Ligand code: G
Ligand code: G
Ligand code: MN
Ligand code: NA
(Lines give C-alpha, C1' and ligand atoms only; values in the text may rest on other atoms or scores of the structure.)
(Ligands and ions follow the chains in the order given, each with its own letter.)
Protein backbone atom coordinates (compact mmCIF):
# COMPACT_ATOMS: atom_id res chain seq x y z
CA UNK A 1 0.00 0.00 0.00
CA UNK A 2 2.89 2.34 0.85
CA UNK A 3 4.46 1.33 -2.43
CA UNK A 4 1.29 2.23 -4.32
CA UNK A 5 1.21 5.68 -2.71
CA UNK A 6 4.91 6.19 -3.44
CA UNK A 7 4.31 5.22 -7.09
CA UNK A 8 1.46 7.71 -7.42
CA UNK A 9 3.78 10.39 -6.09
CA UNK A 10 6.57 9.21 -8.39
CA UNK A 11 4.40 10.05 -11.37
CA UNK A 12 3.52 13.52 -10.03
CA UNK A 13 7.07 14.33 -9.04
CA UNK A 14 8.72 13.09 -12.23
CA UNK A 15 10.75 10.38 -10.50
CA UNK A 16 10.53 7.99 -13.44
CA UNK A 17 13.33 7.97 -15.96
CA UNK A 18 14.02 6.00 -19.14
CA UNK A 19 17.26 4.14 -19.73
CA UNK A 20 18.14 2.89 -23.21
CA UNK A 21 19.62 -0.41 -24.39
CA UNK A 22 20.84 -0.65 -28.00
CA UNK A 23 19.84 -3.23 -30.59
CA UNK A 24 22.53 -4.06 -33.13
CA UNK A 25 21.92 -4.96 -36.77
CA UNK A 26 23.84 -8.22 -37.36
CA UNK A 27 24.47 -7.48 -41.04
CA UNK A 28 25.93 -4.00 -40.62
CA UNK A 29 27.16 -4.19 -37.03
CA UNK A 30 25.50 -0.82 -36.43
CA UNK A 31 23.00 0.25 -33.79
CA UNK A 32 19.57 -0.14 -35.36
CA UNK A 33 17.54 1.24 -32.47
CA UNK A 34 17.18 1.23 -28.71
CA UNK A 35 14.74 -0.17 -26.17
CA UNK A 36 13.51 2.24 -23.50
CA UNK A 37 13.57 0.63 -20.06
CA UNK A 38 11.83 2.23 -17.13
CA UNK A 39 13.66 3.12 -13.91
CA UNK A 40 12.41 4.78 -10.74
CA UNK A 41 14.60 7.28 -8.93
CA UNK A 42 13.00 6.67 -5.54
CA UNK A 43 14.21 9.15 -2.93
CA UNK A 44 16.20 7.29 -0.29
CA UNK A 45 16.35 4.08 -2.39
CA UNK A 46 18.40 5.01 -5.43
CA UNK A 47 17.55 3.65 -8.86
CA UNK A 48 14.80 1.02 -8.66
CA UNK A 49 14.46 -1.64 -11.39
CA UNK A 50 11.09 -2.41 -13.02
CA UNK A 51 10.88 -5.92 -11.56
CA UNK A 52 10.36 -4.28 -8.17
CA UNK A 53 7.50 -1.99 -9.15
CA UNK A 54 5.99 -2.85 -12.56
CA UNK A 55 3.92 -5.68 -11.00
CA UNK A 56 2.45 -3.13 -8.55
CA UNK A 57 1.74 -0.74 -11.41
CA UNK A 58 -0.06 -3.59 -13.16
CA UNK A 59 -2.08 -4.65 -10.10
CA UNK A 60 -3.22 -1.12 -9.30
CA UNK A 61 -3.91 -0.10 -12.89
CA UNK A 62 -1.37 2.73 -12.51
CA UNK A 63 0.48 1.16 -15.41
CA UNK A 64 -1.95 2.84 -17.80
CA UNK A 65 -0.84 6.30 -16.68
CA UNK A 66 2.82 5.40 -16.30
CA UNK A 67 2.71 3.70 -19.70
CA UNK A 68 1.35 6.90 -21.25
CA UNK A 69 4.19 8.79 -19.58
CA UNK A 70 6.69 6.31 -21.07
CA UNK A 71 5.32 6.86 -24.58
CA UNK A 72 5.56 10.63 -24.17
CA UNK A 73 9.03 10.50 -22.65
CA UNK A 74 10.24 8.23 -25.49
CA UNK A 75 8.87 10.59 -28.15
CA UNK A 76 10.45 13.57 -26.39
CA UNK A 77 13.78 11.72 -26.46
CA UNK A 78 13.40 10.80 -30.14
CA UNK A 79 12.84 14.49 -30.92
CA UNK A 80 15.79 15.58 -28.78
CA UNK A 81 18.16 13.10 -30.47
CA UNK A 82 16.85 13.98 -33.91
CA UNK A 83 17.50 17.68 -33.28
CA UNK A 84 21.04 16.96 -32.03
CA UNK A 85 24.15 15.44 -33.59
CA UNK A 86 22.83 11.98 -32.64
CA UNK A 87 20.22 12.01 -35.39
CA UNK A 88 17.15 9.80 -35.93
CA UNK A 89 16.97 6.81 -33.56
CA UNK A 90 14.17 4.24 -33.41
CA UNK A 91 12.97 3.81 -29.83
CA UNK A 92 11.00 0.78 -28.65
CA UNK A 93 8.79 1.04 -25.58
CA UNK A 94 7.25 -1.77 -23.54
CA UNK A 95 3.47 -1.79 -23.42
CA UNK A 96 1.95 -3.81 -20.59
CA UNK A 97 -1.07 -6.07 -20.93
CA UNK A 98 -3.36 -3.76 -19.00
CA UNK A 99 -2.18 -0.72 -20.91
CA UNK A 100 -2.98 -2.55 -24.14
CA UNK A 101 -6.35 -3.77 -22.86
CA UNK A 102 -7.57 -0.71 -20.95
CA UNK A 103 -5.55 2.26 -22.12
CA UNK A 104 -6.29 4.45 -25.07
CA UNK A 105 -3.08 3.36 -26.76
CA UNK A 106 -3.97 4.53 -30.25
CA UNK A 107 -4.71 8.09 -29.16
CA UNK A 108 -1.88 8.21 -26.64
CA UNK A 109 0.55 7.32 -29.42
CA UNK A 110 -0.96 9.85 -31.83
CA UNK A 111 -0.85 12.61 -29.20
CA UNK A 112 2.80 11.96 -28.37
CA UNK A 113 3.96 11.74 -32.00
CA UNK A 114 2.08 14.93 -32.73
CA UNK A 115 3.30 16.85 -29.68
CA UNK A 116 6.98 16.19 -30.40
CA UNK A 117 6.62 16.12 -34.21
CA UNK A 118 8.15 12.68 -34.40
CA UNK A 119 7.73 10.41 -37.46
CA UNK A 120 5.71 7.35 -36.50
CA UNK A 121 8.24 4.85 -37.85
CA UNK A 122 10.75 5.94 -35.19
CA UNK A 123 8.46 4.59 -32.47
CA UNK A 124 8.16 0.86 -31.84
CA UNK A 125 5.82 -0.84 -29.38
CA UNK A 126 6.82 -4.10 -27.67
CA UNK A 127 3.82 -6.18 -26.68
CA UNK A 128 3.86 -9.60 -25.07
CA UNK A 129 2.16 -12.66 -26.52
CA UNK A 130 -0.11 -12.74 -23.48
CA UNK A 131 -1.28 -9.16 -24.05
CA UNK A 132 -1.96 -9.87 -27.73
CA UNK A 133 -3.66 -13.24 -27.27
CA UNK A 134 -5.98 -12.38 -24.39
CA UNK A 135 -8.48 -10.92 -26.87
CA UNK A 136 -7.11 -11.78 -30.29
CA UNK A 137 -9.97 -10.33 -32.35
CA UNK A 138 -9.68 -6.98 -30.56
CA UNK A 139 -5.91 -7.18 -31.03
CA UNK A 140 -6.31 -7.42 -34.80
CA UNK A 141 -8.40 -4.23 -34.80
CA UNK A 142 -6.00 -2.39 -32.44
CA UNK A 143 -2.90 -3.40 -34.38
CA UNK A 144 -4.58 -2.32 -37.60
CA UNK A 145 -5.07 1.16 -36.14
CA UNK A 146 -1.46 1.30 -34.94
CA UNK A 147 -0.21 0.18 -38.33
CA UNK A 148 -2.25 2.91 -39.98
CA UNK A 149 -0.54 5.45 -37.71
CA UNK A 150 2.77 3.95 -38.86
CA UNK A 151 4.37 2.81 -35.61
CA UNK A 152 6.25 -0.50 -35.58
CA UNK A 153 5.07 -3.40 -33.43
CA UNK A 154 7.16 -6.22 -31.97
CA UNK A 155 6.12 -9.25 -29.94
CA UNK A 156 8.26 -9.32 -26.81
CA UNK A 157 9.42 -12.43 -24.92
CA UNK A 158 8.38 -14.54 -27.90
CA UNK A 159 8.22 -18.27 -27.25
CA UNK A 160 7.27 -18.07 -23.58
CA UNK A 161 3.58 -17.37 -24.01
CA UNK A 162 0.80 -19.05 -25.85
CA UNK A 163 0.67 -17.80 -29.41
CA UNK A 164 -1.72 -19.20 -31.91
CA UNK A 165 0.12 -19.46 -35.21
CA UNK A 166 -3.18 -18.84 -36.98
CA UNK A 167 -3.45 -15.47 -35.24
CA UNK A 168 0.21 -14.68 -35.61
CA UNK A 169 -0.23 -14.49 -39.35
CA UNK A 170 -3.29 -12.28 -38.94
CA UNK A 171 -1.59 -9.80 -36.63
CA UNK A 172 -0.11 -6.88 -38.59
CA UNK A 173 3.21 -6.88 -36.70
CA UNK A 174 6.80 -6.20 -37.75
CA UNK A 175 9.09 -8.11 -35.46
CA UNK A 176 9.52 -11.02 -33.05
CA UNK A 177 11.85 -10.82 -30.05
CA UNK A 178 13.23 -14.23 -29.08
CA UNK A 179 13.00 -14.52 -25.31
CA UNK A 180 16.21 -14.53 -23.30
CA UNK A 181 15.31 -18.01 -21.99
CA UNK A 182 16.15 -19.54 -25.40
CA UNK A 183 19.21 -17.36 -25.98
CA UNK A 184 20.98 -18.01 -22.67
CA UNK A 185 22.16 -21.54 -23.55
CA UNK A 186 21.80 -21.28 -27.32
CA UNK A 187 25.31 -22.61 -27.97
CA UNK A 188 25.15 -25.47 -25.46
CA UNK A 189 21.54 -26.65 -25.34
CA UNK A 190 20.34 -28.20 -28.63
CA UNK A 191 16.68 -27.77 -27.63
CA UNK A 192 17.08 -24.04 -27.07
CA UNK A 193 19.01 -23.73 -30.32
CA UNK A 194 16.24 -25.59 -32.15
CA UNK A 195 13.58 -23.29 -30.74
CA UNK A 196 15.55 -20.18 -31.65
CA UNK A 197 16.05 -21.48 -35.20
CA UNK A 198 12.36 -22.33 -35.50
CA UNK A 199 11.42 -18.80 -34.40
CA UNK A 200 13.85 -17.24 -36.89
CA UNK A 201 12.54 -19.43 -39.69
CA UNK A 202 8.92 -18.76 -38.85
CA UNK A 203 9.49 -15.01 -38.52
CA UNK A 204 11.13 -14.84 -41.92
CA UNK A 205 8.41 -16.96 -43.56
CA UNK A 206 5.89 -14.46 -42.22
CA UNK A 207 8.08 -11.57 -43.50
CA UNK A 208 8.86 -10.45 -39.96
CA UNK A 209 12.24 -9.45 -38.68
CA UNK A 210 13.65 -11.13 -35.60
CA UNK A 211 15.72 -9.89 -32.69
CA UNK A 212 17.36 -12.00 -29.99
CA UNK A 213 17.46 -10.53 -26.50
CA UNK A 214 19.88 -11.29 -23.67
CA UNK A 215 22.96 -11.82 -25.86
CA UNK A 216 25.94 -11.84 -23.51
CA UNK A 217 28.75 -13.53 -25.45
CA UNK A 218 30.57 -13.66 -28.76
CA UNK A 219 29.58 -17.32 -29.45
CA UNK A 220 25.89 -16.45 -28.97
CA UNK A 221 26.29 -13.53 -31.37
CA UNK A 222 28.08 -15.69 -33.97
CA UNK A 223 25.45 -18.42 -33.73
CA UNK A 224 22.68 -15.89 -34.28
CA UNK A 225 24.47 -14.16 -37.15
CA UNK A 226 25.20 -17.49 -38.85
CA UNK A 227 21.52 -18.38 -38.57
CA UNK A 228 20.27 -15.11 -40.04
CA UNK A 229 18.85 -13.47 -36.95
CA UNK A 230 18.40 -9.80 -37.88
CA UNK A 231 19.27 -7.99 -34.66
CA UNK A 232 20.65 -8.67 -31.20
CA UNK A 233 20.23 -6.92 -27.88
CA UNK A 234 22.09 -7.69 -24.68
CA UNK A 235 24.91 -7.07 -22.27
CA UNK A 236 27.50 -8.29 -24.82
CA UNK A 237 26.99 -5.00 -26.61
CA UNK A 238 25.67 -2.76 -23.83
CA UNK A 239 23.42 -2.69 -20.82
CA UNK A 240 20.73 -0.01 -20.56
CA UNK A 241 22.21 3.47 -20.12
CA UNK A 242 20.95 7.00 -19.48
CA UNK A 243 19.97 8.99 -22.60
CA UNK A 244 23.11 11.13 -22.60
CA UNK A 245 25.48 8.14 -22.58
CA UNK A 246 23.38 6.24 -25.12
CA UNK A 247 23.44 9.27 -27.41
CA UNK A 248 27.23 9.43 -27.19
CA UNK A 249 27.55 5.73 -28.06
CA UNK A 250 25.23 6.10 -31.04
CA UNK A 251 27.13 9.16 -32.27
CA UNK A 252 30.50 7.43 -31.86
CA UNK A 253 29.32 4.35 -33.79
CA UNK A 254 27.62 6.20 -36.63
O1 G B 1 15.30 -3.11 -17.52
P2 G B 1 15.03 -4.45 -16.91
O3 G B 1 15.85 -5.52 -17.52
O4 G B 1 15.18 -4.48 -15.44
O5 G B 1 13.47 -4.72 -17.23
C6 G B 1 12.79 -5.77 -16.62
C7 G B 1 11.41 -5.92 -17.15
O8 G B 1 10.63 -4.74 -16.96
C9 G B 1 11.38 -6.22 -18.63
O10 G B 1 10.63 -7.40 -18.80
C11 G B 1 10.67 -5.08 -19.24
O12 G B 1 9.79 -5.52 -20.25
C13 G B 1 9.89 -4.45 -18.10
N14 G B 1 9.84 -3.03 -18.36
C15 G B 1 10.87 -2.19 -18.51
N16 G B 1 10.43 -0.95 -18.82
C17 G B 1 9.08 -1.02 -18.88
C18 G B 1 8.06 -0.07 -19.17
O19 G B 1 8.30 1.09 -19.49
N20 G B 1 6.77 -0.52 -19.11
C21 G B 1 6.46 -1.79 -18.79
N22 G B 1 5.17 -2.13 -18.74
N23 G B 1 7.40 -2.72 -18.54
C24 G B 1 8.71 -2.34 -18.58
O1 G C 1 11.11 -6.00 -22.02
P2 G C 1 12.12 -7.04 -21.59
O3 G C 1 11.67 -7.96 -20.55
O4 G C 1 12.61 -7.81 -22.76
O5 G C 1 13.34 -6.18 -21.05
C6 G C 1 14.63 -6.56 -21.25
C7 G C 1 15.18 -7.06 -19.96
O8 G C 1 16.28 -7.92 -20.15
C9 G C 1 15.69 -5.94 -19.09
O10 G C 1 15.37 -6.25 -17.77
C11 G C 1 17.19 -5.98 -19.32
O12 G C 1 17.94 -5.44 -18.26
C13 G C 1 17.39 -7.45 -19.46
N14 G C 1 18.57 -7.75 -20.24
C15 G C 1 18.96 -7.08 -21.33
N16 G C 1 20.07 -7.63 -21.85
C17 G C 1 20.38 -8.67 -21.04
C18 G C 1 21.43 -9.62 -21.06
O19 G C 1 22.30 -9.64 -21.93
N20 G C 1 21.41 -10.55 -20.08
C21 G C 1 20.46 -10.58 -19.10
N22 G C 1 20.56 -11.52 -18.18
N23 G C 1 19.45 -9.69 -19.06
C24 G C 1 19.42 -8.75 -20.02
MN1 MN D 1 10.94 -5.45 -24.03
NA1 NA E 1 11.76 -9.27 -23.42
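The values are calculated or read from the model by the stated rules, or taken from the named source; none is laboratory data. The shown structure was predicted, so the numbers you read here are calculated from the model rather than taken from an experiment. Note that each Cβ is placed from the backbone with ideal geometry, even for glycine, and that neighbours are counted across all protein chains shown.
If you go through the stretch 24-33 one residue at a time, do you hit one that is closer than 27 Å to residue 247 by Cα, within 16 Å of ligand 4 (Cβ to nearest atom), without any contact (Cβ under 8 Å) to a residue 40 or more places away in the chain and under 18 Å from the mean Cα position of the chain (by Cα)? Within the stretch 24-33 (the criterion being closer than 27 Å to residue 247 by Cα, within 16 Å of ligand 4 (Cβ to nearest atom), without any contact (Cβ under 8 Å) to a residue 40 or more places away in the chain and under 18 Å from the mean Cα position of the chain (by Cα)), the answer is no, since none of the residues qualifies.
When 113, 105, 62, 123 are checked against the criterion of being without any contact (Cβ under 8 Å) to a residue 40 or more places away in the chain, touching a helix residue (DSSP H, G or I) at 6+ places or on another chain (Cβ under 9 Å) and buried (at least 17 other Cβ atoms within 10 Å of the Cβ), a single residue qualifies: 113. Screening the stretch 144-254 for helices (runs of 4 or more DSSP H) wholly inside it with 2 or more residues that are touching a residue at least 60 places away in the same chain (Cβ under 8 Å), touching a strand residue (DSSP E or B) at 6+ places or on another chain (Cβ under 8 Å) and within 13 Å of ligand 2 (Cβ to nearest atom) returns the ranges 218-226. Just name the residue that is nearest to ligand 3 (Cβ to nearest atom) out of those in the stretch 147-184 that are more than 21 Å from residue 230 (Cβ to Cβ) and modelled with pLDDT of 95 or more. Ranking the qualifying residues of the stretch 147-184, first place goes to 149.
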